[in-house]
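Report on the structure given below.
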Amino acid sequence: MSKVSNRTKIATAMVGLFALASSNLVAADPLSDAQKADGKIFTEAKASQAKVNKYFDQAQDMLIEYDQVAGERESLKAYNDYVAKLVADQETTMRSIQADIDGVDTLRQGVVPLMFKMVDSLDNFIKLDLPFNMKVRTDRVKNLKNLLDSAEVTLAEKFRLILDAYSIEREYGVSTNAYEAKLNLDGKEVLVDMLQFGRIALVAESLDQKQAWRYNKETKTWDALDDGYIRQVTKAIRQARGQAAPDMFALPIPAAEAAQ
């Protein structure tokens with residue numbers, strides 16, 4: 001075999017080798033492209049999954065927030081219903097108060113004449129009653145009449161004072177009181193101890209305890225008492241002043257005399 005022939009063989013072998021290598025390179029390109037495509041698909045799938053996860057988390061957060069808002073709405077609705085009932089009740093109360101206010105003028109129109117009538121009746125009653133504590137009682141009525149004409153005293157206060165005066169007069173009927181006073185006897189003033197025994201009897205005794213008198217409601221005069229009553233009157237006066245222990249005593253009572 002010649003050298004030329006060997007070279008030719010070697011050259012032929014090299015060409016074959018390059019051809020084989022070239023064919024391998026050509027076959028490798030589609031596989032690489034497929035791998036790249038798979039990698040891109042995986043990357044895109046991963047990104048898509050991340051977005052799905054993100055949206056899912058957002059949806060969960062929104063669901064939780066919705067539940068909270070729904071709960072708050074129910075609470076607010078219950079509270080609003082409660083407030084609405086309160087407002088309705090207050091409006092009813094306000095209407096009632098307004099009705100009372102509207103009726104004040106009507107009430108005032110009826111109360112004012114009534115108060116004047118009550119004071120006049122009290123004045124007349126005192127004049128017809130037993131004449132005990134007359135200055136105090138008549139001054140009280142006089143003050144009431146002045147109050148009725150005063151704009152500085154409220155209507156409620158005027159009415160209260162009138163009721164107080166009536167209450168005081170009522171207490172006189174169930175009480176026993178002793179006090180010093182002056183009697184006009186035969187044109188002469190005499191200082192005496194006065195005994196008011198409810199509205200049953202009104203008697204007086206001289207300070208020296210030697211004379212005693214009983215007020216005669218029929219004649220509106222003072223009748224002298226027998227000496228037998230003087231000791232009883234003295235005893236009653238001492239008890240009324242708390243100077244003696246409670247005990248029985250006899251007084252000249254018109255009703256008792258009429259019964260006899």
If we keep only residues of the range 126-160 that are among the hydroxyl-bearing types (Ser, Thr, Tyr) and surrounded by fewer than 13 Cβ atoms within 10 Å (Cβ to Cβ), then the residue farthest from the chain's Cα centre (by Cα) is Ser150
The condition from (1) over 23 Å from Met248 (Cα atoms); (2) within 46 Å of the chain's Cα centre (by Cα) that Leu191 misses is numbered (2)
Taking the range 185-230 and keeping residues part of a strand (DSSP E or B), under 19 Å from Leu128 (Cβ atoms) and either touching a Gly at 6+ places or on another chain (Cβ under 7 Å) or of a type outside the set (A, V, I, L, M) (or both) leaves Gln196, Phe197, Arg214, Tyr215, Asn216, Thr221, Trp222, Asp223
In the range 155-178, residues that are over 20 Å from Lys220 (Cα atoms), free of Cβ contacts under 8 Å to residues at least 60 places away in the same chain and touching a strand residue (DSSP E or B) at 6+ places or on another chain (Cβ under 9 Å) total 1
Here the qualifying pairs (Cβ atoms under 8 Å; residues six or more apart or on different chains; first in the range 100-116 and on the phi < 0 side of the Ramachandran plot and part of a helix (DSSP H, G or I); second of a type outside the set (Val, Ile, Thr) and modelled with pLDDT of 75 or more) come out as Arg108/Leu155; Val111/Leu155; Val111/Phe159; Val112/Leu155; Met115/Leu148; Met115/Lys158; Met115/Phe159; Phe116/Leu148
Within the range 168-187, of all residues that are surrounded by 10 or more Cβ atoms within 10 Å (Cβ to Cβ), of a type outside the set (Lys, Arg) and more than 21 Å from Gln239 (Cα to Cα), the one nearest to the chain's Cα centre (by Cα) is Ile168
Taking the range 50-94 and keeping only residues that are modelled with pLDDT of 85 or more and under 30 Å from Ala156 (Cβ atoms), one is left with Asp89, Gln90, Glu91, Thr92, Thr93
With the first residue restricted to the range 209-235 and required to be in contact (Cβ under 8 Å) with a residue 12 or more places away in the chain, and the second required to be in a helix (DSSP H, G or I) and of a type in the set (Ser, Thr, Tyr), Cβ contacts under 6 Å at 6 or more apart or on different chains are Gln209/Thr234; Ala212/Tyr229
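The values are calculated or read from the model by the stated rules, or taken from the named source; none is laboratory data. Owing to the predicted nature of the structure, the values given are computational and were not obtained by experimental measurement. So basically every Cβ, Gly included, is an ideal-geometry build from the backbone, and we count neighbours across all protein chains shown.
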